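Participant: Next up is a structure, given as C-alpha cells.
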Amino acid sequence: MRPYEVMVIFDAAAEPQAVQAVIDRLLETIRASGGNPGAVERWGRRAFAYEVNHKREGYYVLVEFGAEPSGLPAVDRMLSLADEVVRHKVVRLPDKAPRRAAAMPSPRPAGRVAG
C-alpha cells in the first residue's frame, strides 16, 4: 500500500452539505478500492492565482490516504464526475523521508592537505 494525498478544490459557492457529501463519497471510494483513508484537512476558501472556469476562489480540502495504484482510477473518476469539484490532483507521497544526516556527505577528515 502506497501513501497518497489528493487536493480537491470545490466551487466556493457550493453548499457545505454538498462539499461534505463529496468528501464522504471520496472516503467511501477509497475504502471500496481497498485503501485506508487518513487525515482530512479543510483549508477553507482561498483566492486563485488566476481564473479557473470563470471563478476567482475555491474551497480547498486535502485528503491523505493509503492505497494500491490500481485503486486510483476510481478516485480520479469519482472526483471528475462531481459537479462541485473545480479541480483535483492526486500525488504519491514518499514512502519515507531520508534522514538529513544520512543524506549529507560526510566532512573530510582533519589532517594535512596533499599538494
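Participant: Expressed as a whole number of Å, what is the distance separating the alpha-carbon centroids of the range 68-89 and the range 1-60?
Facilitator: 10 Å
Participant: What number comes out for the charge environment of Leu79, summing +1 per Lys or Arg and -1 per Asp or Glu over other residues with Cβ under 14 Å away?
Facilitator: Spelling it out: positives minus negatives among the neighbours equals -3.
Participant: What are the equivalent ellipsoid semi-axes of the range 2-95, built from the alpha-carbon gyration tensor (square roots of five times its eigenvalues), in whole angstrom, biggest first?
Facilitator: 23, 14, 12
Participant: Let me ask something additional. With r defined as the distance between the Cβ atoms of Arg2 and Ser80 and R0 fixed at 22 Å, what FRET efficiency is calculated, to the nearest 0.05?
Facilitator: 0.55
Bear in mind that the values in this text are calculations on the coordinates, not laboratory data. Being a predicted model, the structure only gives us computed values, none of them experimental. Note that each Cβ is placed from the backbone with ideal geometry, even for glycine, and that neighbours are counted across all protein chains shown.
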